[in-house]
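*Asks:* Here's a structure for you.
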Amino acid sequence: IPDGPTLSQATLYDLLDRVRLHETIYKQAGAVHGCALASNAHDTAPIGMFVEDVGRHNAVDAIAGRMWLDRQDGADKIFYTTGRLTSEMVIKAAQMGIPFLVSRSGLTQMGYDIAQKVGITMIGRAANKHYLLFTGPERFDRG
């Protein structure tokens, strides 16, 4: 992931609020994973895509496919998932060129190691005003 974009704490909080307020199948039925692709704008994170599926990889792949079909660049995006940040999830984010990966769940050691190697800023346990910054602190502005 090339150097450049940063993520502000205000933008992260905006994303978490937008996801919380987003109308979802999970709120009605549970047992699904959600993924969102958001823009990294100045202190805001408008959600461009939101996909839910029983399989977290299916939700990620649906967004990756739409990005590919629409020829969207990931450099100015934030990827949010409800699922764990595993090595596979980090690899997919890297393949999409997305520098910021956020989850309300935790992570695996392999996910952490790969995020460190490829330069992804990885944030987990993110809900409301709480989060854990795991990798890429140089791209994150607590401002």
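The values are calculated or read from the model by the stated rules, or taken from the named source; none is laboratory data. Just so you know, these numbers come straight off a predicted model, no measurement behind them. All Cβ positions, glycine included, derive from the backbone under ideal geometry; neighbour counts span all protein chains shown. Heads up: the accessible areas ignore ligands, DNA and RNA and are worked out on the full protein's heavy atoms, side chains in. Shrake-Rupley method; radii C 1.70, N 1.55, O 1.52, S 1.80 Å.
*Asks:* When ligands, DNA and RNA are left out and all protein chains stay put, how many square angstrom of accessible area per residue does the chain have with a 1.4 Å probe? If you can, show how the numbers build up before the last one.
*Replies:* Numbers: 7190 Å² over 143 residues.
Ligands and nucleic acids excluded, the result is 50 Å² per residue.
*Asks:* Could you tell me the relative contact order of the chain? Use alpha-carbon pairs under 8 Å, at least six residues apart, and round to a whole percent. Can you show the working numbers first?
*Replies:* Details: 300 pairs, mean separation 33.9, N = 143.
That works out to 24 percent.
*Asks:* Further, regarding this structure: Report, to two decimal places, the Cα Rg of the stretch 1-133 normalised by 2.2 N^0.38 Å (N = number of residues). All intermediate terms of the calculation are to be shown ahead of the outcome.
*Replies:* Details: Rg = 13.3 Å, N = 133, 2.2 N^0.38 = 14.1 Å.
Compactness ratio reported: 0.94.
*Asks:* Hey, what did the stretch 43-114 get for relative contact order, percent, Cα under 8 Å, at least 6 apart?
*Replies:* Once normalised by length, the contact order is 30 percent.
*Asks:* Of all accessible surface on the stretch 16-143 at a 1.4 Å probe, what whole percent is carbon and sulfur? Don't skip to the end; give the middle numbers.
*Replies:* On the way: 3380 of 6520 Å².
It is 52 percent, rounded to a whole number.
*Asks:* Using a Förster radius of 25 Å, what is the FRET efficiency between Gln109 and Ala41 based on their Cβ-Cβ separation? Nearest 0.05, please. Let's see the in-between values first.
*Replies:* On the way: r = 33 Å, r/R0 = 1.31.
Efficiency at R0 = 25 Å is approximately 0.15.
*Asks:* If I stretch the segment between His57 and Ser87 completely, what's the gain in nm (0.36 nm per residue apart, minus their alpha carbon distance), one decimal? Intermediate values should be presented prior to the final figure.
*Replies:* Working: separation 30, 0.36 × 30 = 10.80 nm, distance 1.17 nm.
Result for the pair: 9.6 nm of gain on full extension.
*Asks:* Can you compute the modelled spin-label distance between Glu23 and Arg125, with each label point 7 Å from Cα toward Cβ, in nm?
*Replies:* About 3.4 nm separates the two model spin labels.
*Asks:* Something else: I'd like the trypsin sites (Lys or Arg not before Pro) in the stretch 34-97 restricted to DSSP loop residues with at most 11 other Cβ atoms within 10 Å, sorted by number. Write down the numbers at each step before the final one.
*Replies:* Working: sites: Arg56, Arg66, Arg71, Lys77, Arg84, Lys92; in loops: Arg71, Arg84.
Counting only loop positions with at most 11 other Cβ atoms within 10 Å, the trypsin sites (Lys or Arg not before Pro) in the stretch 34-97 are Arg71.
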